[in-house]
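Q: Got a structure here, written out as structure tokens. Questions coming.
Bear in mind that the values in this text are calculations on the coordinates, not laboratory data. These numbers were taken from a predicted model, which means no experiment stands behind them. Cβ coordinates were reconstructed from backbone atoms using ideal geometry, including for glycine residues, and neighbour counts include every protein chain displayed.
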Amino acid sequence: MIEELLKSGSCTIVDVRTPAEFMGGNVVDSINIPLQELEQRFEELSSLNQPLILCCASGGRSGMAMQYLRSKGIECHNGGGWMEVNFVVSQLDQS
């Protein structure tokens, strides 16, 4: 499911790590909205009008973010660790 969304380009990758972690490496074209800011930035996420692929360092925080956002009616998927999502994206770029 995640790979299909990434292939279609009809999704937004949201990294829920801290800004410092995000600056240390991230998925190309992803946006950084830290887990603790999800509630305040909910309108920003809902205005994207497309499925979200969530990632963090290992999948824990993105899993919590997914539960919260789904409870608010936003279509989203836990992509797990950002390096795994980045690997899929880089493979798609090569094909």
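Q: At a Förster radius of 25 Å, what calculated FRET efficiency corresponds to the Cβ-Cβ distance of SER46 and ASP93, to the nearest 0.05?
A: Working: r = 28 Å, r/R0 = 1.13.
After rounding, the FRET efficiency stands at 0.30.
Q: Of the listed values [x] 31, 21, 7; [y] 19, 16, 11; [z] 31, 15, 11, grab the one calculated as semi-axes √(5λ) of the Cα gyration tensor in Å from the structure here.
A: [y]
Q: What's the local net charge at TRP82, with K and R +1, D and E -1, over the other residues with C-beta under 15 Å away?
A: On the way: positive: ARG17, ARG61; negative: ASP15, GLU21, ASP29, GLU84.
The answer is -2.
Q: At most 14 other C-beta atoms within 10 Å and a DSSP loop state: those are the exposed GluC sites (Glu not before Pro) I care about. Give me the longest piece of the chain that has none. Each step should come with its number before you reach the end.
A: Values: sites that count: GLU39, GLU75.
Longest stretch, sites excluded: 1-38.
Q: Here is a further query. Considering amide H positions built from the backbone, and no H for Pro or chain starts, which residues 5 or more places from GLY80, or on another chain, come under 5 Å of its amide H?
A: CYS56
Q: Still on this structure, please answer the following. Rank GLY79, GLY24, GLY59 by mean-square fluctuation in a GNM of the chain with C-alpha springs under 10 angstrom and give only the top-ranked residue.
A: GLY24
Q: Here is a follow-up. Please list, ordered by chain and number, the residues whose modelled amide H lies under 5 Å from the amide H of ILE13; skip anything fewer than 5 residues away on the same chain.
A: Counting only residues 5 or more places away or on other chains, the set is ILE31, ILE53.
Q: Could you list CYS56, CYS76 in order of exposure, starting from the residue whose Cβ has the fewest other Cβ atoms within 10 Å? Write down the numbers at each step before the final one.
A: Working: CYS56 26, CYS76 21.
In increasing order of surrounding Cβ atoms, one gets CYS76, CYS56.
Q: Can you list the HN-Hα couplings for the stretch 53-59, worked out from phi with the Karplus curve (6.51, -1.76, 1.60; θ = phi - 60°), rounded to whole Hz and with x for Gly and Pro?
A: 9, 9, 9, 8, 7, 10, x
Q: Continuing with the same structure: Can you tell which of LEU35, LEU48, LEU69 shows the greatest fluctuation in a Gaussian network model of the chain with Cα springs below 10 Å?
A: Greatest mean-square fluctuation among the candidates belongs to LEU48.
Q: Given a 10 angstrom Cα cut-off, can you work out which residue in GLN50, GLN40, GLN67 is the most mobile in a GNM of the chain?
A: Largest GNM mean-square fluctuation: GLN40.
Q: Across the stretch 81-90, in residue order, what do the Karplus-derived ³J(HN,Hα) couplings come to in whole Hz, using 6.51 cos²θ - 1.76 cosθ + 1.60 with θ = phi - 60° and x for Gly and Pro?
A: Karplus values, whole Hz, x for Gly and Pro: x, 4, 5, 5, 5, 4, 4, 4, 4, 5.
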